[in-house]
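S.K.: One structure is given below, represented as structure tokens, and several questions about it will come after.
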Amino acid sequence: MMAISVEQIKILREKTGAGLMEVRGALTEAEGDINKAVEILRQKGAATAEKKASRATAEGKIASRTTGNSAVLVEVNCETDFSANNERFLNLVNTIADTTIAQPFDSVETLLSATTATGTIKELLTDTIGAVKENMGIARIVRFDLAGTGLLHSYIHGAGKIGVLLELTCNNAASTQNPAFAEVAKSICMQIAAYAPEFVSRDEIPGDLVAEESRIEMGKEDLQNKPEAIRAKIVEGRVEKNLAGRVLLLQEFVKDPSKKVSDVIAELSKTVADTVTLTRFVRYALGETAVANVETEEDPLILAAAAAAGR
């Protein structure tokens, strides 16, 4: 049997992050050839990943990148919160985020084939599964590319538990250089993280959702003895109030409940002497796609952070 040196073991462990016994076994099988040992460990890692593929992955990290006129959010899942803070896993998340902002990918599947400095994203994912001993996966990715003039802003809350992307557009590029522009964008991102709106404006709400909400309200016991015309008005008022909480522009502003988010946008427009429009946003909450029906409660830490200007 060929003798394996301490230096060979050290080099292979640094390259792969595999355990001592795994490294020693791979080097023995490869007869001391480090490159061949790396291949052996990767093959074993792929087998490990396949075995773990059915295990639930509701933990992990959400990360963002913003550069120039593009911004991305990525969610990478693992099994436990402990592993979500593992150095190997964090390297995986950062590499995925860096790769996603570098060029457009239309799906997670195409991203997996992307090449990094150490191989493809799929190979890096497989290696990390083998090293950390947990199932992992890229849950979802989203990218905003600014078509005209405006600002893209991202926000990560709770050490990667919630992520937000926001797009504000305007007519003049100089408007985005006003400090108020970025400050309002940051505050609205915190608003989205805290209150989880579903739509930008009331016009985006589909008619079938309004009809369903109306049907539910109309059937409530406290309205059954009301005259039809009065019932209809009460139902309309209730539905609009309920739906307003799901519309970003109609929500009370988290930093000043006397205003709505639409008022904040209008004030910003006056400040920069331009027409500012809140065009789109996306909000990721960790585990939404990994575990069905995950409920994320309002986080008091977000509300406290949002109340502190300039943080």
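The values are calculated or read from the model by the stated rules, or taken from the named source; none is laboratory data. Just so it is clear, the model here is predicted, and its values are computed rather than measured. Cβ coordinates were reconstructed from backbone atoms using ideal geometry, including for glycine residues, and neighbour counts include every protein chain displayed.
S.K.: Which one of these does R246 not meet: (1) touching a Pro at 6+ places or on another chain (Cβ under 9 Å); (2) within 27 Å of S175 (Cα to Cα)?
M.R.: If we test R246 against (1) touching a Pro at 6+ places or on another chain (Cβ under 9 Å); (2) within 27 Å of S175 (Cα to Cα), just (2) comes out false.
S.K.: A further question follows. Condition first: surrounded by fewer than 22 Cβ atoms within 10 Å (Cβ to Cβ) and farther than 30 Å from R13 by Cα. Can you find one or more residues in segment 126-136 that meet it?
M.R.: Scanning segment 126-136, I find no residue that is surrounded by fewer than 22 Cβ atoms within 10 Å (Cβ to Cβ) and farther than 30 Å from R13 by Cα, so the answer is no.
S.K.: Is segment 174-182 home to any residue that is in contact with a His (Cβ under 8 Å, 6 or more places away or on another chain), assigned to a strand (DSSP E or B) and in contact (Cβ under 8 Å) with a residue 12 or more places away in the chain?
M.R.: No; the residues of segment 174-182 include none that is in contact with a His (Cβ under 8 Å, 6 or more places away or on another chain), assigned to a strand (DSSP E or B) and in contact (Cβ under 8 Å) with a residue 12 or more places away in the chain.
S.K.: Related question: Go through the residues of segment 40-57 one by one and say whether even a single one is of a type in the set (S, T, Y), surrounded by 17 or more Cβ atoms within 10 Å (Cβ to Cβ) and at pLDDT 95 or above.
M.R.: No, there is no match, as no residue in segment 40-57 is of a type in the set (S, T, Y), surrounded by 17 or more Cβ atoms within 10 Å (Cβ to Cβ) and at pLDDT 95 or above.
S.K.: On to the next question. How many of the residues making up segment 227-266 are within 23 Å of F181 (Cβ to Cβ), part of a helix (DSSP H, G or I) and free of Cβ contacts under 8 Å to residues at least 24 places away in the same chain? Let's see the steps before the verdict.
M.R.: Residues of segment 227-266 within 23 Å of F181 (Cβ to Cβ): 247-266.
Keeping just the survivors that are part of a helix (DSSP H, G or I) gives 248-250, 261-266.
Among the residues that remain, those that are also free of Cβ contacts under 8 Å to residues at least 24 places away in the same chain are: 262-263, 266.
Final tally of qualifying residues: 3.
S.K.: Confirm whether N225 is closer than 26 Å to K186 by Cα and polar (S, T, N, Q).
M.R.: Values: closer than 26 Å to K186 by Cα: no; polar (S, T, N, Q): yes.
No: the conditions fail for N225.
S.K.: Take F105 and decide whether it is modelled with pLDDT under 95, more than 26 Å from T80 (Cα to Cα) and hydrophobic (A, V, I, L, M, F, W, C). Show your work before the answer.
M.R.: On the way: modelled with pLDDT under 95: yes; more than 26 Å from T80 (Cα to Cα): yes; hydrophobic (A, V, I, L, M, F, W, C): yes.
So F105 passes the test.
S.K.: Here is a check on your reading of the model: is L73 more than 20 Å from A193 (Cα to Cα) and in contact with a strand residue (DSSP E or B) (Cβ under 9 Å, 6 or more places away or on another chain)? First the steps, then the outcome.
M.R.: Values: more than 20 Å from A193 (Cα to Cα): no; in contact with a strand residue (DSSP E or B) (Cβ under 9 Å, 6 or more places away or on another chain): yes.
No, not satisfied.
S.K.: Right, here's the next one. Got a sec? Which of A159, A174 is of a type in the set (A, V, I, L, M, F, W, C) and over 30 Å from C78 (Cβ atoms)? Spell out the reasoning first.
M.R.: Working: A159 fails: over 30 Å from C78 (Cβ atoms).
A174 is the lone residue from the list that is of a type in the set (A, V, I, L, M, F, W, C) and over 30 Å from C78 (Cβ atoms).
S.K.: Please state which of the following conditions N171 fails to meet, knowing it meets all the rest: (1) within 30 Å of T80 (Cα to Cα); (2) not in a helix (DSSP H, G or I).
M.R.: Going through the list (1) within 30 Å of T80 (Cα to Cα); (2) not in a helix (DSSP H, G or I), N171 breaks only (1).
S.K.: Out of (1) closer than 22 Å to E183 by Cβ; (2) in a helix (DSSP H, G or I), the odd one out for T66 is which?
M.R.: Going through (1) closer than 22 Å to E183 by Cβ; (2) in a helix (DSSP H, G or I) one by one, T66 breaks only (2).
S.K.: Step by step: first the residues of segment 85-115, then only those that are out of contact with any strand residue (DSSP E or B) (no Cβ under 8 Å at 6 or more places or on another chain) and closer than 17 Å to T67 by Cβ, then the one that is surrounded by the fewest Cβ atoms within 10 Å (Cβ to Cβ). Which residue is that?
M.R.: Q103
S.K.: Out of E198, E295, E221, E217, which single residue is under 25 Å from G160 (Cα atoms), modelled with pLDDT under 80 and not small (G, A, S)?
M.R.: Values: E198 fails: modelled with pLDDT under 80; E221 fails: under 25 Å from G160 (Cα atoms); E217 fails: under 25 Å from G160 (Cα atoms).
The conditions single out E295.
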